Amino acid sequence: MSDYVKMWEDLGMDLETHDQLCQVLPTAFGDVYLSQENRPEGMGFWDFVVSEIHGIRPSELIEAQKNGQKVFGTFCVYVPDEVVIAANGIVTGLCGGSQFWVPGGEKVLPKNTCPLIKASVGARLDRTCPFFRIADMYVGETTCDGKKKAYEILAEDVPVHVMDMPQMKRAEDYDKWAHEIELFAGVVEEQTGNKVTPEKLAEAIKIINNKRKALKRVYDARKADKLPISGKDALLMMQIAFFDDPVRCAEMCNKLADELDQRIADGVSVFPEGTKRILLTGTPLAIPNWKLHHIIETSGAAVVCEEMCTGTRYFENLVDETQTTLEGQYKALADRYMKNNCACFTPNEGRIDDIIRLAKEYKADGVIDVNLKFCSIYDTEGFFVERALKEAGIPVLGIETDYTDSDAEQLKTRIEAFIEMLG
Ligand code: BJ8
(Lines give C-alpha, C1' and ligand atoms only; values in the text may rest on other atoms or scores of the structure.)
Protein backbone atom coordinates (compact mmCIF):
# COMPACT_ATOMS: atom_id res chain seq x y z
CA MET A 1 0.00 0.00 0.00
CA SER A 2 3.10 2.21 -0.10
CA ASP A 3 1.84 4.05 -3.21
CA TYR A 4 -0.62 5.90 -1.03
CA VAL A 5 1.87 7.54 1.37
CA LYS A 6 1.45 10.98 -0.19
CA MET A 7 -2.35 10.69 0.07
CA TRP A 8 -2.13 9.69 3.75
CA GLU A 9 0.26 12.56 4.41
CA ASP A 10 -2.14 15.02 2.79
CA LEU A 11 -4.89 13.63 5.02
CA GLY A 12 -2.82 14.60 8.06
CA MET A 13 -2.40 10.98 9.18
CA ASP A 14 0.16 9.76 11.71
CA LEU A 15 2.22 7.79 9.20
CA GLU A 16 4.52 6.11 11.66
CA THR A 17 1.72 4.61 13.76
CA HIS A 18 -0.33 3.83 10.66
CA ASP A 19 2.65 1.88 9.28
CA GLN A 20 2.38 -0.52 12.22
CA LEU A 21 -1.21 -1.28 11.27
CA CYS A 22 -0.27 -1.78 7.62
CA GLN A 23 2.35 -4.28 8.71
CA VAL A 24 0.10 -6.51 10.81
CA LEU A 25 -3.01 -6.57 8.63
CA PRO A 26 -1.66 -8.69 5.72
CA THR A 27 -0.43 -11.38 8.14
CA ALA A 28 -3.71 -11.45 10.00
CA PHE A 29 -5.64 -11.63 6.74
CA GLY A 30 -3.37 -14.37 5.40
CA ASP A 31 -3.79 -16.46 8.55
CA VAL A 32 -7.56 -16.10 8.72
CA TYR A 33 -8.60 -15.90 5.08
CA LEU A 34 -5.99 -17.11 2.66
CA SER A 35 -5.50 -20.29 4.69
CA GLN A 36 -9.01 -21.43 3.69
CA GLU A 37 -9.42 -24.01 0.94
CA ASN A 38 -11.76 -24.09 -2.02
CA ARG A 39 -12.94 -20.50 -1.67
CA PRO A 40 -15.30 -19.11 -4.32
CA GLU A 41 -13.38 -17.33 -7.06
CA GLY A 42 -15.59 -14.30 -6.59
CA MET A 43 -13.90 -13.65 -3.24
CA GLY A 44 -10.89 -12.43 -5.23
CA PHE A 45 -12.58 -9.02 -5.39
CA TRP A 46 -12.82 -8.73 -1.60
CA ASP A 47 -9.27 -10.06 -1.12
CA PHE A 48 -8.11 -7.28 -3.43
CA VAL A 49 -10.09 -4.65 -1.52
CA VAL A 50 -8.50 -5.79 1.75
CA SER A 51 -5.01 -5.76 0.23
CA GLU A 52 -5.56 -2.07 -0.62
CA ILE A 53 -7.98 -1.30 2.21
CA HIS A 54 -6.53 2.11 3.13
CA GLY A 55 -5.69 3.00 -0.46
CA ILE A 56 -8.13 2.21 -3.19
CA ARG A 57 -11.50 3.28 -1.77
CA PRO A 58 -10.04 6.30 0.09
CA SER A 59 -8.50 7.53 -3.17
CA GLU A 60 -11.89 7.15 -4.89
CA LEU A 61 -13.51 9.19 -2.13
CA ILE A 62 -10.88 11.91 -2.39
CA GLU A 63 -11.37 12.05 -6.16
CA ALA A 64 -15.12 12.41 -5.62
CA GLN A 65 -14.49 15.23 -3.14
CA LYS A 66 -12.36 17.01 -5.73
CA ASN A 67 -15.41 16.84 -8.00
CA GLY A 68 -17.51 18.52 -5.35
CA GLN A 69 -19.11 15.49 -3.65
CA LYS A 70 -19.33 15.26 0.14
CA VAL A 71 -18.58 12.16 2.20
CA PHE A 72 -20.69 11.23 5.24
CA GLY A 73 -19.32 8.76 7.79
CA THR A 74 -21.86 6.61 9.65
CA PHE A 75 -21.82 4.24 12.63
CA CYS A 76 -25.21 2.60 12.61
CA VAL A 77 -27.59 0.76 10.29
CA TYR A 78 -30.46 3.10 11.20
CA VAL A 79 -28.92 6.01 9.28
CA PRO A 80 -30.57 6.05 5.84
CA ASP A 81 -27.91 6.06 3.11
CA GLU A 82 -30.66 6.83 0.59
CA VAL A 83 -30.97 10.45 1.73
CA VAL A 84 -27.24 11.09 1.28
CA ILE A 85 -27.16 9.46 -2.14
CA ALA A 86 -30.19 11.48 -3.26
CA ALA A 87 -28.16 14.64 -2.62
CA ASN A 88 -25.22 13.24 -4.60
CA GLY A 89 -23.29 12.54 -1.41
CA ILE A 90 -21.34 9.39 -0.50
CA VAL A 91 -21.70 7.25 2.61
CA THR A 92 -18.91 5.35 4.26
CA GLY A 93 -19.16 3.16 7.34
CA LEU A 94 -16.81 4.15 10.15
CA CYS A 95 -17.16 1.53 12.91
CA GLY A 96 -13.76 0.44 14.19
CA GLY A 97 -13.18 -3.29 14.51
CA SER A 98 -9.51 -3.45 15.50
CA GLN A 99 -7.79 -3.53 18.88
CA PHE A 100 -5.15 -1.35 17.24
CA TRP A 101 -7.38 1.72 17.72
CA VAL A 102 -8.68 0.90 21.22
CA PRO A 103 -5.86 2.51 23.30
CA GLY A 104 -6.45 5.77 21.39
CA GLY A 105 -10.09 5.70 22.42
CA GLU A 106 -9.15 4.90 26.01
CA LYS A 107 -7.25 8.18 26.22
CA VAL A 108 -10.57 10.04 26.30
CA LEU A 109 -13.24 7.43 27.11
CA PRO A 110 -13.80 5.33 30.23
CA LYS A 111 -12.06 1.98 29.91
CA ASN A 112 -15.36 0.22 30.51
CA THR A 113 -16.71 1.42 27.15
CA CYS A 114 -17.35 -1.15 24.43
CA PRO A 115 -14.38 -1.75 22.10
CA LEU A 116 -16.36 -0.70 19.03
CA ILE A 117 -16.78 2.81 20.41
CA LYS A 118 -13.24 3.01 21.74
CA ALA A 119 -11.79 1.85 18.40
CA SER A 120 -13.94 4.30 16.43
CA VAL A 121 -12.88 7.25 18.57
CA GLY A 122 -9.25 6.10 18.61
CA ALA A 123 -9.15 5.78 14.82
CA ARG A 124 -10.20 9.43 14.52
CA LEU A 125 -8.14 10.99 17.29
CA ASP A 126 -4.97 9.02 16.60
CA ARG A 127 -5.23 9.86 12.86
CA THR A 128 -4.56 6.30 11.77
CA CYS A 129 -7.49 5.59 9.45
CA PRO A 130 -8.00 7.42 6.14
CA PHE A 131 -11.79 6.92 6.16
CA PHE A 132 -12.05 8.81 9.46
CA ARG A 133 -9.94 11.62 7.98
CA ILE A 134 -11.83 11.84 4.69
CA ALA A 135 -15.42 12.06 5.93
CA ASP A 136 -16.65 15.66 5.74
CA MET A 137 -19.30 14.98 8.35
CA TYR A 138 -20.01 12.16 10.79
CA VAL A 139 -23.60 11.07 11.31
CA GLY A 140 -24.28 9.73 14.78
CA GLU A 141 -27.47 8.47 16.40
CA THR A 142 -28.85 8.27 19.90
CA THR A 143 -28.72 4.50 20.21
CA CYS A 144 -26.61 3.44 23.18
CA ASP A 145 -25.29 5.80 25.86
CA GLY A 146 -21.65 5.14 25.02
CA LYS A 147 -22.12 6.20 21.42
CA LYS A 148 -24.14 9.28 22.34
CA LYS A 149 -21.39 10.60 24.58
CA ALA A 150 -18.62 9.58 22.17
CA TYR A 151 -20.22 11.73 19.46
CA GLU A 152 -19.86 14.74 21.74
CA ILE A 153 -16.14 14.07 21.96
CA LEU A 154 -15.82 13.50 18.23
CA ALA A 155 -17.77 16.70 17.56
CA GLU A 156 -14.86 18.69 19.00
CA ASP A 157 -12.72 17.41 16.13
CA VAL A 158 -15.07 16.97 13.17
CA PRO A 159 -18.58 18.14 12.19
CA VAL A 160 -21.13 15.68 13.63
CA HIS A 161 -24.87 15.48 13.07
CA VAL A 162 -26.71 13.25 15.54
CA MET A 163 -30.06 11.69 14.63
CA ASP A 164 -32.44 11.32 17.54
CA MET A 165 -33.50 7.65 17.48
CA PRO A 166 -36.76 6.64 19.08
CA GLN A 167 -36.31 3.89 21.67
CA MET A 168 -39.77 2.36 21.28
CA LYS A 169 -41.87 1.24 18.33
CA ARG A 170 -45.23 2.90 18.83
CA ALA A 171 -47.00 4.65 15.92
CA GLU A 172 -45.71 8.03 17.12
CA ASP A 173 -42.16 6.67 17.12
CA TYR A 174 -42.45 5.79 13.43
CA ASP A 175 -43.64 9.35 12.77
CA LYS A 176 -40.82 10.72 14.84
CA TRP A 177 -38.24 8.79 12.84
CA ALA A 178 -39.76 9.96 9.55
CA HIS A 179 -39.46 13.52 10.84
CA GLU A 180 -35.89 12.90 11.92
CA ILE A 181 -35.08 11.62 8.44
CA GLU A 182 -36.57 14.81 6.98
CA LEU A 183 -34.38 16.91 9.28
CA PHE A 184 -31.38 14.83 8.24
CA ALA A 185 -32.22 15.53 4.59
CA GLY A 186 -32.06 19.26 5.39
CA VAL A 187 -28.59 18.84 6.92
CA VAL A 188 -27.42 16.80 3.93
CA GLU A 189 -28.77 19.43 1.52
CA GLU A 190 -26.91 22.14 3.37
CA GLN A 191 -23.66 20.16 3.37
CA THR A 192 -23.81 19.12 -0.26
CA GLY A 193 -25.52 22.19 -1.72
CA ASN A 194 -27.88 19.81 -3.54
CA LYS A 195 -31.62 19.42 -3.18
CA VAL A 196 -33.19 16.09 -2.26
CA THR A 197 -36.00 15.73 -4.78
CA PRO A 198 -38.59 12.91 -4.97
CA GLU A 199 -37.01 11.76 -8.24
CA LYS A 200 -33.49 11.64 -6.80
CA LEU A 201 -34.68 9.94 -3.64
CA ALA A 202 -36.63 7.35 -5.64
CA GLU A 203 -33.44 6.57 -7.55
CA ALA A 204 -31.42 6.29 -4.34
CA ILE A 205 -34.04 4.01 -2.76
CA LYS A 206 -33.70 1.66 -5.75
CA ILE A 207 -29.90 1.68 -5.53
CA ILE A 208 -29.88 0.68 -1.87
CA ASN A 209 -32.72 -1.83 -2.31
CA ASN A 210 -30.68 -3.47 -5.10
CA LYS A 211 -27.71 -3.68 -2.79
CA ARG A 212 -29.91 -5.30 -0.12
CA LYS A 213 -31.26 -7.83 -2.62
CA ALA A 214 -27.75 -8.76 -3.75
CA LEU A 215 -26.49 -9.23 -0.19
CA LYS A 216 -29.55 -11.34 0.54
CA ARG A 217 -28.80 -13.60 -2.44
CA VAL A 218 -25.39 -14.44 -0.95
CA TYR A 219 -26.98 -15.07 2.43
CA ASP A 220 -29.68 -17.25 0.86
CA ALA A 221 -26.95 -19.46 -0.58
CA ARG A 222 -25.84 -20.14 2.99
CA LYS A 223 -29.16 -21.87 3.64
CA ALA A 224 -28.07 -24.76 1.39
CA ASP A 225 -27.26 -28.11 2.99
CA LYS A 226 -23.86 -28.06 1.33
CA LEU A 227 -22.33 -24.71 2.19
CA PRO A 228 -20.85 -23.04 -0.91
CA ILE A 229 -19.09 -20.31 1.10
CA SER A 230 -17.56 -20.04 4.54
CA GLY A 231 -18.98 -17.77 7.21
CA LYS A 232 -15.69 -15.90 7.23
CA ASP A 233 -15.97 -15.03 3.55
CA ALA A 234 -19.61 -13.97 3.86
CA LEU A 235 -18.64 -11.78 6.81
CA LEU A 236 -15.89 -10.11 4.80
CA MET A 237 -18.31 -9.33 1.98
CA MET A 238 -20.72 -7.85 4.51
CA GLN A 239 -18.10 -5.77 6.33
CA ILE A 240 -16.85 -4.22 3.09
CA ALA A 241 -20.42 -3.48 1.95
CA PHE A 242 -20.38 -0.63 4.50
CA PHE A 243 -17.47 1.06 2.71
CA ASP A 244 -17.95 0.31 -0.95
CA ASP A 245 -19.85 2.11 -3.67
CA PRO A 246 -23.39 0.64 -3.42
CA VAL A 247 -23.80 -0.05 -7.16
CA ARG A 248 -20.47 -1.85 -7.39
CA CYS A 249 -21.24 -3.68 -4.15
CA ALA A 250 -24.50 -5.02 -5.62
CA GLU A 251 -22.75 -6.02 -8.83
CA MET A 252 -19.98 -7.93 -7.05
CA CYS A 253 -22.39 -9.59 -4.61
CA ASN A 254 -24.65 -10.68 -7.48
CA LYS A 255 -21.63 -12.15 -9.28
CA LEU A 256 -20.65 -14.01 -6.15
CA ALA A 257 -24.24 -15.19 -5.65
CA ASP A 258 -24.30 -16.55 -9.25
CA GLU A 259 -21.17 -18.54 -8.49
CA LEU A 260 -22.62 -19.81 -5.20
CA ASP A 261 -25.84 -20.88 -6.93
CA GLN A 262 -23.73 -22.83 -9.42
CA ARG A 263 -21.76 -24.40 -6.58
CA ILE A 264 -25.01 -25.46 -4.92
CA ALA A 265 -26.21 -26.99 -8.20
CA ASP A 266 -22.88 -28.83 -8.51
CA GLY A 267 -22.95 -29.97 -4.88
CA VAL A 268 -19.74 -28.10 -3.98
CA SER A 269 -19.18 -27.50 -0.28
CA VAL A 270 -16.38 -25.74 1.56
CA PHE A 271 -16.96 -27.85 4.66
CA PRO A 272 -16.97 -31.63 5.18
CA GLU A 273 -20.33 -33.31 5.42
CA GLY A 274 -21.87 -33.19 8.89
CA THR A 275 -20.21 -29.90 9.85
CA LYS A 276 -22.32 -28.25 12.56
CA ARG A 277 -24.09 -25.05 11.56
CA ILE A 278 -23.92 -22.01 13.85
CA LEU A 279 -26.00 -18.86 13.80
CA LEU A 280 -24.36 -15.87 15.46
CA THR A 281 -26.44 -13.19 17.09
CA GLY A 282 -25.50 -10.04 18.98
CA THR A 283 -23.30 -6.99 18.63
CA PRO A 284 -21.80 -6.05 15.25
CA LEU A 285 -18.49 -7.36 13.94
CA ALA A 286 -16.81 -4.38 12.29
CA ILE A 287 -13.84 -4.95 9.98
CA PRO A 288 -11.27 -6.41 10.73
CA ASN A 289 -12.95 -8.27 13.57
CA TRP A 290 -12.85 -11.86 12.28
CA LYS A 291 -12.00 -13.40 15.64
CA LEU A 292 -15.14 -15.41 16.39
CA HIS A 293 -15.72 -16.68 12.88
CA HIS A 294 -12.12 -17.86 12.79
CA ILE A 295 -12.40 -19.64 16.12
CA ILE A 296 -15.69 -21.31 15.17
CA GLU A 297 -14.59 -22.35 11.71
CA THR A 298 -11.31 -23.81 12.98
CA SER A 299 -13.19 -25.73 15.67
CA GLY A 300 -15.20 -27.99 13.38
CA ALA A 301 -18.29 -25.84 12.74
CA ALA A 302 -19.46 -23.32 10.15
CA VAL A 303 -21.12 -19.93 10.65
CA VAL A 304 -24.23 -19.96 8.46
CA CYS A 305 -25.82 -16.64 9.40
CA GLU A 306 -25.26 -13.50 11.46
CA GLU A 307 -28.31 -11.91 13.11
CA MET A 308 -26.34 -8.73 13.52
CA CYS A 309 -25.95 -5.30 11.97
CA THR A 310 -23.02 -6.78 10.07
CA GLY A 311 -25.48 -9.39 8.85
CA THR A 312 -29.20 -9.79 8.27
CA ARG A 313 -30.18 -6.49 9.91
CA TYR A 314 -28.31 -4.66 7.16
CA PHE A 315 -30.28 -6.09 4.25
CA GLU A 316 -33.57 -7.58 5.41
CA ASN A 317 -36.71 -5.59 4.47
CA LEU A 318 -36.84 -3.32 1.44
CA VAL A 319 -38.00 0.30 1.26
CA ASP A 320 -41.33 0.76 -0.55
CA GLU A 321 -40.42 2.07 -4.03
CA THR A 322 -43.89 3.27 -4.99
CA GLN A 323 -43.94 6.59 -3.10
CA THR A 324 -43.68 9.71 -5.25
CA THR A 325 -43.61 12.51 -2.68
CA LEU A 326 -40.86 13.31 -0.20
CA GLU A 327 -43.34 12.94 2.65
CA GLY A 328 -44.33 9.46 1.47
CA GLN A 329 -40.70 8.51 0.89
CA TYR A 330 -39.52 9.65 4.33
CA LYS A 331 -42.33 7.62 5.82
CA ALA A 332 -41.40 4.60 3.70
CA LEU A 333 -37.78 4.94 4.81
CA ALA A 334 -38.85 5.22 8.46
CA ASP A 335 -41.04 2.13 8.11
CA ARG A 336 -38.18 0.05 6.74
CA TYR A 337 -35.49 1.26 9.15
CA MET A 338 -37.77 0.88 12.17
CA LYS A 339 -38.13 -2.79 11.27
CA ASN A 340 -34.55 -3.26 12.43
CA ASN A 341 -34.40 -4.80 15.84
CA CYS A 342 -31.51 -3.35 17.81
CA ALA A 343 -31.26 -3.91 21.55
CA CYS A 344 -31.47 -0.14 22.07
CA PHE A 345 -35.27 -0.54 21.65
CA THR A 346 -37.61 -1.52 24.45
CA PRO A 347 -39.25 -3.92 24.29
CA ASN A 348 -37.41 -5.69 21.50
CA GLU A 349 -39.35 -8.92 21.00
CA GLY A 350 -38.96 -8.61 17.23
CA ARG A 351 -35.30 -9.57 17.58
CA ILE A 352 -36.17 -12.75 19.45
CA ASP A 353 -38.62 -13.69 16.66
CA ASP A 354 -35.93 -12.93 14.07
CA ILE A 355 -33.37 -15.15 15.77
CA ILE A 356 -35.74 -18.12 16.00
CA ARG A 357 -36.91 -17.62 12.40
CA LEU A 358 -33.36 -17.29 11.07
CA ALA A 359 -32.12 -20.29 13.04
CA LYS A 360 -34.79 -22.34 11.26
CA GLU A 361 -34.26 -20.80 7.80
CA TYR A 362 -30.50 -21.37 7.93
CA LYS A 363 -30.92 -24.78 9.59
CA ALA A 364 -28.66 -23.83 12.48
CA ASP A 365 -27.71 -26.61 14.89
CA GLY A 366 -26.93 -24.05 17.54
CA VAL A 367 -26.75 -20.32 18.26
CA ILE A 368 -23.90 -18.34 19.75
CA ASP A 369 -25.04 -15.12 21.38
CA VAL A 370 -22.02 -12.84 21.29
CA ASN A 371 -21.63 -9.67 23.25
CA LEU A 372 -18.91 -7.09 22.94
CA LYS A 373 -17.55 -6.41 26.40
CA PHE A 374 -19.29 -3.51 28.16
CA CYS A 375 -22.27 -3.43 25.80
CA SER A 376 -24.92 -3.53 28.49
CA ILE A 377 -27.98 -3.46 26.21
CA TYR A 378 -27.09 -6.60 24.25
CA ASP A 379 -25.72 -8.23 27.37
CA THR A 380 -29.01 -7.67 29.20
CA GLU A 381 -31.11 -8.70 26.21
CA GLY A 382 -29.14 -11.95 26.20
CA PHE A 383 -31.42 -13.06 29.03
CA PHE A 384 -34.46 -13.10 26.72
CA VAL A 385 -32.51 -14.40 23.71
CA GLU A 386 -31.12 -17.37 25.56
CA ARG A 387 -34.39 -18.17 27.32
CA ALA A 388 -36.36 -18.09 24.06
CA LEU A 389 -33.85 -20.31 22.29
CA LYS A 390 -33.90 -22.84 25.10
CA GLU A 391 -37.68 -22.86 24.99
CA ALA A 392 -37.53 -23.44 21.23
CA GLY A 393 -35.17 -26.37 21.80
CA ILE A 394 -32.25 -24.66 20.03
CA PRO A 395 -28.92 -25.04 21.85
CA VAL A 396 -27.35 -21.69 22.74
CA LEU A 397 -24.03 -20.49 24.07
CA GLY A 398 -23.64 -16.96 25.41
CA ILE A 399 -20.20 -15.39 25.23
CA GLU A 400 -18.63 -12.04 25.87
CA THR A 401 -15.44 -10.88 24.22
CA ASP A 402 -13.48 -7.88 22.99
CA TYR A 403 -10.95 -7.19 20.25
CA THR A 404 -7.90 -8.61 22.05
CA ASP A 405 -6.61 -12.12 21.59
CA SER A 406 -6.18 -12.68 25.30
CA ASP A 407 -9.35 -14.79 25.60
CA ALA A 408 -8.96 -16.66 22.30
CA GLU A 409 -7.79 -19.91 23.86
CA GLN A 410 -10.50 -19.90 26.48
CA LEU A 411 -13.15 -19.08 23.88
CA LYS A 412 -11.92 -21.88 21.66
CA THR A 413 -12.25 -24.37 24.49
CA ARG A 414 -15.82 -23.27 25.25
CA ILE A 415 -16.84 -23.19 21.59
CA GLU A 416 -15.32 -26.62 20.91
CA ALA A 417 -17.24 -28.03 23.89
CA PHE A 418 -20.45 -26.42 22.59
CA ILE A 419 -19.95 -27.84 19.10
CA GLU A 420 -19.23 -31.26 20.54
CA MET A 421 -22.40 -31.06 22.57
CA LEU A 422 -24.38 -30.45 19.35
CA GLY A 423 -23.68 -34.11 18.58
S1 BJ8 B 1 -28.45 -0.80 15.22
S2 BJ8 B 1 -26.20 -2.70 17.20
S3 BJ8 B 1 -25.10 -0.48 14.67
S4 BJ8 B 1 -26.54 0.78 17.68
S5 BJ8 B 1 -21.86 -2.77 20.73
S6 BJ8 B 1 -21.71 0.71 20.22
S7 BJ8 B 1 -24.82 -0.87 20.99
S8 BJ8 B 1 -22.23 -0.52 23.44
S9 BJ8 B 1 -23.17 -1.00 17.70
FE10 BJ8 B 1 -25.15 -0.79 16.94
FE11 BJ8 B 1 -26.84 0.64 15.46
FE12 BJ8 B 1 -27.72 -1.06 17.32
FE13 BJ8 B 1 -26.59 -1.97 15.14
FE14 BJ8 B 1 -23.28 0.57 21.78
FE15 BJ8 B 1 -23.35 -2.03 22.18
FE16 BJ8 B 1 -21.07 -0.90 21.59
FE17 BJ8 B 1 -23.00 -1.05 19.77
What is the dipole size for region 274-419, taken about its Cα centre, with +1 at each Lys and Arg Cβ and -1 at each Asp and Glu Cβ, in debye to the nearest 20? 240
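Tell me the mean residue ellipticity at 222 nm calculated for the chain from its helices only (DSSP H runs of n ≥ 4, each -39500 (n - 2.57), averaged over every residue, nearest 500). Intermediate results must be reported in sequence, preceding the final value.
Values: 19 runs with 221 residues, N = 423.
That calculation yields -16000 deg cm²/dmol at 222 nm.
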For Ala301, what charge total do you get from the other residues with a beta carbon under 11 Å from its beta carbon, if Lys and Arg give +1 and Asp and Glu give -1? -2
The answer for trypsin sites (Lys or Arg not before Pro) in region 22-108 that fall in a DSSP coil and have at most 14 neighbouring Cβ atoms within 10 Å is Lys107
Any idea which of Phe418, Asn209, Pro58 is furthest toward the positive side of the dipole for the chain, if Lys and Arg beta-carbons carry +1 and Asp and Glu beta-carbons -1? Phe418
With every protein chain left in place, what is the accessible area of Val247 in Å² (1.4 Å probe, nearest 10)? 80
Charge tally in the Cβ shell below 11 Å around Lys70, where Lys, Arg are +1 and Asp, Glu are -1, Lys70 excluded: -3
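Can you tell me, using C-alpha contacts under 8 Å and at least 6 residues apart, the relative contact order of region 74-219 as a whole percent?
Normalised by residue count, the contact order of region 74-219 is 27 percent.
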From largest to smallest, what semi-axes in whole angstrom does the chain give when each is the square root of 5 times an eigenvalue of its alpha carbon gyration tensor? 31, 25, 22
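Figure the gain on full extension for Gln167 and Phe384 (residue separation times 0.36 nm, minus the Cα-Cα span) and round it to one decimal in nm.
Details: separation 217, 0.36 × 217 = 78.12 nm, distance 1.78 nm.
Answer, rounded to one decimal: 76.3 nm.
With contacts defined as alpha carbon pairs under 8 Å and 6 or more residues apart, what's the relative contact order of region 218-299 in percent?
Values: 54 pairs, mean separation 38.3, N = 82.
Relative contact order of region 218-299: 47 percent.
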Given contacts defined as C-alpha pairs under 8 Å and at least six residues apart, what's the relative contact order of the chain, whole-number percent? 17
Cα convex hull of region 274-369, projected area averaged across orientations, nm²: 7.6
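Within a Cβ distance under 9 Å of Ser230, other residues only, what is the Lys/Arg minus Asp/Glu net charge?
Once all neighbours under 9 Å are counted, the net charge is 0.
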How large is the accessible surface per residue of the chain, computed with a 1.4 Å probe and reported in Å² as a whole number? 41
Using the Cα centre as the reference, give the magnitude of the dipole from point charges on the C-beta atoms of the chain (Lys, Arg: +1; Asp, Glu: -1; all else neutral), rounded to the nearest 20 debye. 480
Return the FRET efficiency for the residue pair Ile56, Gln20: r is the Cβ-Cβ distance, R0 is 22 Å, and the value is rounded to the nearest 0.05. 0.60
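Could you list the GluC sites (Glu not before Pro) in region 133-181 that lie in coil according to DSSP, counting only those with at most 12 other Cβ atoms within 10 Å of their Cβ?
Those that pass, being in a loop and sparsely packed, are Glu156.
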Determine how large the accessible area of Ile296 is when every protein chain is in place; take a 1.4 Å probe and give Å² rounded to the nearest 10. 0
Might you work out the accessible area of Glu327 for me, using a 1.4 Å probe with all protein chains in place, and round it to the nearest 10 Å²? 150
Top to bottom by accessible area (1.4 Å), largest first, where do Ser35, Ser120 land? Ser35, Ser120
Checking region 1-48 for chymotrypsin sites (Phe, Trp or Tyr not before Pro) in a loop per DSSP with at most 15 other beta-carbon atoms within 10 Å yields none
Taking the Cα-to-Cβ direction at Glu361 and at Arg248 and moving 7 Å from each Cα, how far apart do the two end points lie in nm? 2.9
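The values are calculated or read from the model by the stated rules, or taken from the named source; none is laboratory data. As the structure is a computational prediction, the values presented were derived from the model and not from experiment. Methodologically, a virtual Cβ is constructed for each residue, glycine included, from the backbone with ideal geometry; neighbour enumeration extends over all protein chains shown. We work out accessible area using only protein heavy atoms, side chains counted, and drop any ligands, DNA or RNA first. Shrake-Rupley method; radii C 1.70, N 1.55, O 1.52, S 1.80 Å.
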